[in-house]
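Every number in this text was worked out from the coordinates using simple rules, so none of it is lab data. Please read all numbers here as calculations on a predicted model, not as lab measurements. Methodologically, a virtual Cβ is constructed for each residue, glycine included, from the backbone with ideal geometry; neighbour enumeration extends over all protein chains shown.
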Amino acid sequence: MVLLRAVGAYTRALVVAPVPTKALTAAVVAATGDAFAQRADPTAAQYDVGRAATFASFGALYTGAFQHALFGWLDAHCHGAALASLVERYVLLDFHWLRAIEMTLCNQLCIVPFLYLPLFFAVSGIARGLNVRAAFTEAVRKYLPLLHRNWLFWLPVQTVFFAVLAPEFLVPITCMAGVVWNLILSSLAYRGVHAPAATVSAAATVPPATTATAVATVPPATTATAVATVPAATTATADPGTHEPGNASAVTAPDNGGGEAQTALGAPRRLTAADSAALCVLISCAGRRV
């Protein structure tokens with residue numbers, strides 16, 4: 001009985017205040033998915049509140065507010081006629097399903113690759129304290145794998161949702177399915193972030209012949225000093241995706257031998273709260289345009 005009253009109250013809230021209700025729902029779902037991801041991450045020492053807040057904000061603005069406007073636009077402009085003209089001779093589907101497929105393709109082939117994923121990588125870079133260059137490198141490395149996972153998960157799920165759900169329930173039910181998706185998304189974005197920057201000792205990077213000579217000619221008392229003073233150029237760094245934020249610039253601005261690559265490129269600018277605010281304004285403006 002209590003559950004029925006709660007469902008009724010939520011349904012009325014969707015009608016009276018659809019955008020705040022959907023934004024709050026999406027924020028809670030995004031934070032929940034991230035909490036599951038953090039709990040499953042063996043390298044996370046403790047719960048990262050800032051990370052959860054970032055995903056909750058992104059969920060509220062994009063999944064809740066922007067998709068409310070986006071799904072309304074798709075519902076008004078996608079009727080299945082364009083798809084029917086291409087496949088009606090080969091596929092026996094009524095316009096109801098063709099319309100759902102058309103809405104899904106429009107969202108997944110246009111909005112997701114060019115708006116959703118770039119915004120996600122920008123927001124996750126802000127949450128992790130990455131500078132602009134490191135965030136861009138991370139996005140380039142993970143863009144295609146994440147887009148592939150997105151299509152595998154959302155193409156069938158969203159097609160069914162568009163086909164069977166009433167418009168007012170599209171965002172809330174999408175948020176429910178988003179618990180699983182946010183778990184995938186958060187895990188991929190933060191994979192290995194808490195792991196220490198791995199380094200390989202100088203002895204492992206020096207050619208075998210050189211190593212043998214050094215060991216043979218350096219007295220035992222000075223061997224430790226010799227290894228400790230090997231130039232940083234001989235130290236191999238780990239993959240940029242597993243670096244702490246402070247080490248990201250060393251990966252993205254390699255030294256050309258003179259030790260001046262970083263100076264020539266200029267100090268990388270960190271993404272700030274102003275950048276985050278600008279992203280929020282961008283999402284809001286996009287929602288109004290839709």
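Count Lys and Arg as plus one, Asp and Glu as minus one, and take only other residues whose Cβ is under 12 Å from that of L183; the net charge is then 0. A simple spin-label model places pseudo-atoms 7 Å from Cα toward Cβ; at A45 and A76 they are separated by 5.1 nm.
With the highest mean first, a sort of the peptides 149-155, 135-141 on other beta-carbon atoms found within 10 angstrom per residue produces 135-141, 149-155. For the stretch 141-177, backbone nitrogen atoms closer than 19 Å to the point 7 Å from L4 Cα along Cα-to-C-beta are found at no residue. Each peptide in 159-169, 58-68, 98-108, 37-47 was scored by the mean count of other Cβ atoms within 10 Å over its residues; highest first, the order is 58-68, 98-108, 159-169, 37-47.
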